[in-house]
6 protein chains.
Amino acid sequence: MNVVVQNIPRAEASVLAGLAAAGVATVHEAQGRSGLMGPAMRPIQAGTGIAGSAVTISVAPGDNWMLHVAIEQIKPGDVLVVSPTSPCSDGYFGDLLATSAQARGCAGLIINAGVRDVKVLREMGFPVWSTAVHAQGTVKETLGSVNIPIVCAGAAVNAGDVVVADDDGVCVIPVAKAADVLAAAEKRTALEEEKRLKLASGVLGLDLYNMRERLAAKGLKYV
Amino acid sequence: MNVVVQNIPRAEASVLAGLAAAGVATVHEAQGRSGLMGPAMRPIQAGTGIAGSAVTISVAPGDNWMLHVAIEQIKPGDVLVVSPTSPCSDGYFGDLLATSAQARGCAGLIINAGVRDVKVLREMGFPVWSTAVHAQGTVKETLGSVNIPIVCAGAAVNAGDVVVADDDGVCVIPVAKAADVLAAAEKRTALEEEKRLKLASGVLGLDLYNMRERLAAKGLKYV
Amino acid sequence: MNVVVQNIPRAEASVLAGLAAAGVATVHEAQGRSGLMGPAMRPIQAGTGIAGSAVTISVAPGDNWMLHVAIEQIKPGDVLVVSPTSPCSDGYFGDLLATSAQARGCAGLIINAGVRDVKVLREMGFPVWSTAVHAQGTVKETLGSVNIPIVCAGAAVNAGDVVVADDDGVCVIPVAKAADVLAAAEKRTALEEEKRLKLASGVLGLDLYNMRERLAAKGLKYV
Amino acid sequence: MNVVVQNIPRAEASVLAGLAAAGVATVHEAQGRSGLMGPAMRPIQAGTGIAGSAVTISVAPGDNWMLHVAIEQIKPGDVLVVSPTSPCSDGYFGDLLATSAQARGCAGLIINAGVRDVKVLREMGFPVWSTAVHAQGTVKETLGSVNIPIVCAGAAVNAGDVVVADDDGVCVIPVAKAADVLAAAEKRTALEEEKRLKLASGVLGLDLYNMRERLAAKGLKYV
Amino acid sequence: MNVVVQNIPRAEASVLAGLAAAGVATVHEAQGRSGLMGPAMRPIQAGTGIAGSAVTISVAPGDNWMLHVAIEQIKPGDVLVVSPTSPCSDGYFGDLLATSAQARGCAGLIINAGVRDVKVLREMGFPVWSTAVHAQGTVKETLGSVNIPIVCAGAAVNAGDVVVADDDGVCVIPVAKAADVLAAAEKRTALEEEKRLKLASGVLGLDLYNMRERLAAKGLKYV
Amino acid sequence: MNVVVQNIPRAEASVLAGLAAAGVATVHEAQGRSGLMGPAMRPIQAGTGIAGSAVTISVAPGDNWMLHVAIEQIKPGDVLVVSPTSPCSDGYFGDLLATSAQARGCAGLIINAGVRDVKVLREMGFPVWSTAVHAQGTVKETLGSVNIPIVCAGAAVNAGDVVVADDDGVCVIPVAKAADVLAAAEKRTALEEEKRLKLASGVLGLDLYNMRERLAAKGLKYV
């Protein structure tokens, strides 16, 4: 039962831009500490942050056929989110697929497996988060599905969910919650700016957050 | 029995500066190949080397409360050394804690767990060695202790021990031995400079270190 | 039975240069997807690609004695390929060995273990691929062998085999096949350039590779 | 937003019994190769197979408070399925919790973390699949949720989903599909019995499955 | 500076027997959740629990020479606790060393590395906890030390410390605290028996531990 | 270039029986400490030891087609040795393949990947060493090769090489050396019996192997 779902929801561009600006750590907190991919999901570049609607791809281990299928489904700003059905570090994605995805307006790739041609990918400015870098080639023999619910690096992802990715990793937000999470994230960012100024001036977190009494009540002793 | 030990020994600034200049590999050798943290402890930046007195922090998994407590104990040049009581990759430390630590003169962070906001940490020039990068938030519910003996990434660390950290990892030196280790390290560095010149000129290690006879005695055959 | 084999085959310089230019992913494909080291073998630098004849070194865990022996066997352009007889992350190789190897014309190091002094190695422009960075020192007590067949990071390597290494990892090519693999790689590179132009113009891989019919035959449904 | 969902769907006892008898490998195939947890999820006992309705539990790392909450929600035959919000190997579950769960008719535990008191758990005949065995204690400070959708060892699990577990691992089946998957599994088991007899008599899979022609067409050469 | 410390403290036999009976999970709790080795330390047998005084051994990677030295230091009931100075999975210990250790009255082995001859070790009834099983042989070239402080699988161990080991792992208790920890463990065990009876009768932990009010105060909702 | 090599060398039955009796640890030593697979290769059963001629199989990740091809090449006593071309934990082999292999006289399976139906495999008495247990199914789409040189769990294996496997792991012996290795193994076993008697009587290894003088010369101090 392998399918390509062609119509998926997408968050508004302004919401995506706001979430990218807020960054993964803030968005993860603003959402109540859910939706985070595991720490093995790492960027191949430094200093880049994105947010986009997920085109999800379920693939067989060592088989990248469905990536070609998925690229047709990309709308500008979308992010490819790929997960094999069993653990795999093969290089599913390289410079040709990146060229094709970029031509469709793809904002980046999140893959619970390997990528290759990473030097060229960095030069192209095509952002990637992956769990491996490996030149190992893949075949085109077994069907998978596009835009079905998947699990990627420990996070559940539905087609159209917002994925936010930066140097801290990747966080997934259900599209229906994206605007609310953005609002909460922006509030959090504003509050953090205030705190930052106080902390930078030498005020201690112990005082800023009124922790001393509760620490003492729990039994902390200074010796 | 959770405590904050407020008075800890500290090495002299000149000793710390010397050890930082010598670097981890040399210091580790100078100390008789002890005190090294495991290879999973990696820097989030490249090209930075530090040495400082350890403010040790024992924390519960997923709980960063004691970092706020520890920051009050920092004296300029100190290094925070954090280890959870069981394996954990959560992001205990981000830009706000770094701002607060930096305001107190903290020289850097060594953590047997994760950090987040790494882009900002790099921009702030706050050096970090960690075993993970993960946006996962932590709670403030369970006490730990500050400045008690801990084990961090396989190395025993006492409060006030010197920690030396650079691109090669992290090495721990008991404060009472720090001056002797520095002397041994400087001697080693001087000797290495001599060797480097000879090796660069094409002299072989086989000859420089007189290895040929011992190799033959052990039975090595050239065919 | 520890030996140093002194005469090994070597590929021609022009073939090596061609393979380095083609890169690991292309060479691996051109060779029929064989010879690739595992994804734990990573560069300590970014953006560097090399190809050279392998001087193979089998070492005991935690013992780098044979690296000194091997350096005498280097001819300009050779690559040291080191594997311990059991899993080990110790720092076998640092700036002094690199100085000595560089003085002999060594093109780089591939090691299924750790290296140290990585900041200096990067500054020297001495390229390294390793499975760990660790300052841990090694001893010089147990013999190994030089230029015997070894297994390194999952790949079999014979003395004189061509090793190609870049940001994607490391691939091994038997010296007898090197010219043929280069020819196949260059053909592949030329073809990829054509494809790249088409994909960049917006042509889909689905159409470029005529995949639609076969996907439908396998049962893929669009919904 | 921490909740306990009190009404969940459950598969019929006869369906559960059939799925337990079919076993994980067969059920996974019958469901189209989906729903399998990763290979790090291992039984602490050998030779035991179960199937039950999932009471799902999302917990904080190092905090087992919600297991007490979840036990009240157990109906006879249910299976506890626990996943922390970040990677954790602590011992969330031991003999007291097992005694309590067993008293409520709980059929077993699946946990993407550690357990302890494993000798007693084995003696009690309380079946467990976990990703670690570790005595490390947990706290009771942070809320989680019961019977919400979770991801456990790479598989998405909804409350009431059927979990089948045996020596091969753990597979998850949506409750709505459970009867169909059982029918497909039983058909598959019957077919396998036929095949087993033929294979045991010496008939080759090459002939039984008519593979020779397709292998030749793909280019396989006998030399 | 390699030494063999010949006089070490030892806990009384009755204390050791009591701690072995209490088991690792209880002892770990009774000691305030400290001293536990990591979850990679696993028994090679099932159902065996021991407690003994630690003869500590610091070894080079791949070198088991110091085990021969340490065996002379064993007094009946002692446990060998071995840790290499860098990560290693070699088989340091097999049936001959076990025969020798057993002849001296050794109660078992805890090793942060590999062992071999495990079938014979099991038949001999010589209990072992290790982080690997590997036939890989070791050399006898490099000195280490006996009865110095070591770190083993993440826990600090001093010579003479009590090590308690069973199916749940290994816990370390400073000899000076052993009697107090035993008293606390026995109290805990008695309390657990009461709780067990209540839980077995169907009383919920929610009620037994009065959790409902605190859960509600924290905001848990039943839906 | 996928091939099935039909004629392979095989060691004599008496040599195989002798090597199985000697066991992995002894054979590995007798061969000069080479040919050992890594510690991730573990038996699914306890107490079983085998030796046989290797039928080698190179497979694509997640594709077990070539196992059917290989079974036709089995002669009684042969051992299947399987390695995917990239890291994979899928369950390539289950009870039907075991039935077929057993019908051909196959002595066991060594696989650098996963197996499934392990309860039945144990009941059938079909011995298996693998790097994973996972129910994940595989496809039959991509050719591999049979009886070509492969690398399996870090060891190079040629078709017809002797593989010896027991609770300690797996060791590979070139067929041309098998008789010599057996002779060396038997000599070693005899010597070990003498040593065992002396050690069991309380003689120390320090004295049996005359280590005291060399230890003192290296600088070991008793304090």
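Name the residue, out of F:Arg196, F:Arg188, that is over 24 Å from F:Gln6 (Cα atoms), touching a residue at least 12 places away in the same chain (Cβ under 8 Å) and either more than 10 Å from chain E (Cβ to nearest Cβ) or assigned to a helix (DSSP H, G or I) (or both). Explain how you work it out, then say what you get.
On the way: F:Arg196 fails: touching a residue at least 12 places away in the same chain (Cβ under 8 Å).
Sole residue among the options that is over 24 Å from F:Gln6 (Cα atoms), touching a residue at least 12 places away in the same chain (Cβ under 8 Å) and either more than 10 Å from chain E (Cβ to nearest Cβ) or assigned to a helix (DSSP H, G or I) (or both): F:Arg188.
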**Message:** Among the residues in region C:100-110, are any assigned to a helix (DSSP H, G or I), closer than 27 Å to B:Arg212 by Cβ and hydroxyl-bearing (Ser, Thr, Tyr)?
**Reply:** yes
**Request:** Could you figure out which of (1) closer than 30 Å to F:Pro39 by Cβ; (2) within 11 Å of another protein chain (Cβ to nearest Cβ); (3) not basic (Lys, Arg) isn't true of C:Val82?
**Result:** (2)
**Complete:** Of the candidates C:Ile8, C:Ile50, the one satisfying the condition of being over 11 Å from the mean Cα position of the chain (by Cα) and within 22 Å of C:Ile74 (Cβ to Cβ) is C:Ile8
**Prompt:** Can you name the condition, by its number, that C:Ala156 falls short on among (1) assigned to a helix (DSSP H, G or I); (2) among the small types (Gly, Ala, Ser); (3) under 17 Å from the mean Cα position of the chain (by Cα)?
**Reply:** (1)
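Quick grid of which residues meet (1) among the hydrophobic types (A, V, I, L, M, F, W, C); (2) more than 30 Å from A:Lys140 (Cα to Cα); (3) assigned to a loop (DSSP other than H, G, I, E, B):
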site: F:Leu121; (1), (2), (3): yes, yes, no
site: F:Trp129; (1), (2), (3): yes, yes, no
site: F:Ala132; (1), (2), (3): yes, no, no
site: F:Gln136; (1), (2), (3): no, no, yes
site: F:Val151; (1), (2), (3): yes, no, no
site: F:Gly160; (1), (2), (3): no, yes, yes
site: F:Val164; (1), (2), (3): yes, yes, no
**Complete:** The lone condition D:Gln102 fails out of (1) over 19 Å from the mean Cα position of the chain (by Cα); (2) open to solvent by 10 Å² or more (accessible area, probe 1.4 Å); (3) not hydroxyl-bearing (Ser, Thr, Tyr) is (1)
**Where a residue in region F:211-223 is at the interface with chain E (Cβ under 7 Å from one of its Cβ atoms) and its partner, wherever it lies, is of a type outside the set (A, V, I, L, M, F, W, C) and part of a helix (DSSP H, G or I), with Cβ under 8 Å and at least six apart** = F:Met211/E:His68; F:Met211/F:Gly205
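Restricting to region E:109-141, name every residue that is of a type in the set (Lys, Arg), farther than 22 Å from F:Val164 by Cβ and crowded, with 24+ Cβ neighbours inside 10 Å.
Residues of region E:109-141 that are of a type in the set (Lys, Arg), as a first pass: E:116, E:119, E:122, E:140.
Of the ones still in play, those that are also farther than 22 Å from F:Val164 by Cβ are E:140.
None; the set is empty.
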**Message:** Residue pairs, Cβ under 8 Å, 6 or more apart or interchain, first in region C:107-122 and facing chain B (nearest Cβ under 9 Å), second charged (D, E, K, R) and part of a strand (DSSP E or B). List them.
**Reply:** C:Lys119/B:Asp166
**Asked** In region C:166-184, what residues are surrounded by 24 or more Cβ atoms within 10 Å (Cβ to Cβ), within 13 Å of another protein chain (Cβ to nearest Cβ) and over 18 Å from C:Val79 (Cα atoms)?
**Response** C:Val181
**Item:** Residue among B:Gly35, B:Gly62, B:Gly23, B:Gly77 that alone is at the interface with another protein chain (Cβ under 9 Å from one of its Cβ atoms) and either closer than 14 Å to B:Leu182 by Cβ or under 15 Å from the mean Cα position of the chain (by Cα) (or both)
**Value:** B:Gly23
**Message:** Checking the conditions here, which among C:Gly144, C:Gly160 is surrounded by fewer than 22 Cβ atoms within 10 Å (Cβ to Cβ), small (Gly, Ala, Ser) and out of contact with any His (no Cβ under 8 Å at 6 or more places or on another chain)?
**Reply:** C:Gly160
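The values are calculated or read from the model by the stated rules, or taken from the named source; none is laboratory data. Note that the structure is a prediction, hence the values are computed from the model and not measured. Backbone-built Cβ (ideal geometry, glycine too); neighbour counts: all protein chains shown. With ligands, DNA and RNA removed, areas are computed over all heavy atoms of the protein, side chains included. Shrake-Rupley method; radii C 1.70, N 1.55, O 1.52, S 1.80 Å.
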